[in-house]
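What follows is a set of notes on a single structure, which appears directly below.
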Amino acid sequence: MRTAFDLDPQSLDDEERRFLDVIGEHGWFDTAILDDEEGPGFSYTTGFWSGSGHPEILFIGLNQQTRHDVLWDIYRAIKSGCPPPVSRPTSEVFANAEAVLLPVSTDHYREYLGWNRWFYNGDDFPCLQLIWSDREGRFPWSPDAQAGPQPDLSTGNWGGLG
């Protein structure tokens, strides 16, 4: 698989070099987008797919530090051979809430995954959306859920769970 690591280093700007340096040192990069008038903050990984064959992860809502810590925990679980399951609720991600990882439709890559599209030179990489439940275990597709603003980025109907 070709990535931005295959580019001529002389063609990279300082921000691109820093991005690649972090992936080279830690195995992945956490791009964090802050809350604004357009929507809630979100974070996504770059390097999970190229480094371990696990899909990248997009995580919307909660605060930036929580997102970063959870993504680190998931990265460690992947590296130890125990990634969380996909498309079914699990208590392996959060200590006090259920979560589910659902495939993100490539229709959403342009809006949410800019650095990944640069790193992988297009949309040829998988990504999962980490969906969190409220304290009562209700996911955003439940009518009475209090799990915050998490849009459905699957191919529809919350990957068949909604």
Can you tell me the 0 to 90 degree angle between the C-alpha axis of helix 64-79 and the longest principal axis of the chain, rounded to 10? 80
When the C-alpha atoms of region 1-131 are aligned to their principal axes, what extent does each axis show, in angstrom, from largest down? 47, 39, 27
Report the Cα centroid-to-centroid distance between region 26-72 and region 94-162 in angstrom, as an integer. 11
Taking H as built 1.01 Å from N, whose amide H comes closer than 5 Å to the amide H of residue 104, not counting residues under 5 places away? 127, 128, 129
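Classify region 57-162 as rounded, prolate or oblate from the Cα gyration tensor: take a ≥ b ≥ c as the square roots of its eigenvalues, call it rounded if a/c is under 1.5, otherwise prolate when a/b beats b/c and oblate if not.
Note, shape of region 57-162 comes out oblate.
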Report ³J(HN,Hα) in whole Hz for each residue of region 41-47, in order, from the Karplus equation J = 6.51 cos²θ - 1.76 cosθ + 1.60 where θ = phi - 60°; Gly and Pro get x. x, 8, 9, 8, 8, 9, x
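Where a number appears in this text, it was derived from the coordinates with a stated rule and is not lab data. Bear in mind that the values here come from a model prediction, so they are computed numbers and not experimental data.
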